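Step one of this worksheet: look at the structure below.
The values are calculated or read from the model by the stated rules, or taken from the named source; none is laboratory data. Quick caveat: nothing in here was measured; it's all calculated off a predicted structure. Don't worry about glycine lacking a Cβ; one is built from the backbone with ideal geometry, like all the others, and counts go over all protein chains shown. Just the protein is used for accessible areas: all its heavy atoms, side chains included, with ligands, DNA and RNA removed. Shrake-Rupley method; radii C 1.70, N 1.55, O 1.52, S 1.80 Å.
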Amino acid sequence: TPARVAEQLRYSGVLEAMRVARFGYNIKLTHFEFFTRYQNIVSSSTLKNYFTMKLPSQNYCTKTLKENCRQLITAIIVHHPDLMDIHSLQLGLTKIFMKKTQFDKLEVTRLRVLNNAAEF
């Protein structure tokens, strides 16, 4: 029946995924993936100023990982204000959703930082 199909789509997360994609948040990273991927955009001394807790591991609770991501985003906004568009990024319970343009900006910066580090 149509009601049963709708129920199955809702429980499997298909409807939520469609809703998120419709708003243009095509890129999805877990909090751990986001933090470990983009932590190098800000200097290690800056990270120490923003984080009073240990840097995350995958075993951390979701709340701690989400808070670390929130602090990293704040640090990036403060030190690279042109890099983050807060309207192109959403923090979910377990993932960060980004629009493609925001993802591309972060990736270009991340690769530039890694290339600069490799030159030394």
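Here is how the numbers come out for the structure above:
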| quantity | calculated |
| --- | --- |
| Region 22-36, residues that are among the charged types (D, E, K, R) and either buried (at least 16 other Cβ atoms within 10 Å of the Cβ) or farther than 18 Å from residue 72 by Cα (or both) | 22, 28 |
| So residue 109, is it at pLDDT 90 or above and either among the hydrophobic types (A, V, I, L, M, F, W, C) or open to solvent by 40 Å² or more (accessible area, probe 1.4 Å) (or both) | no |
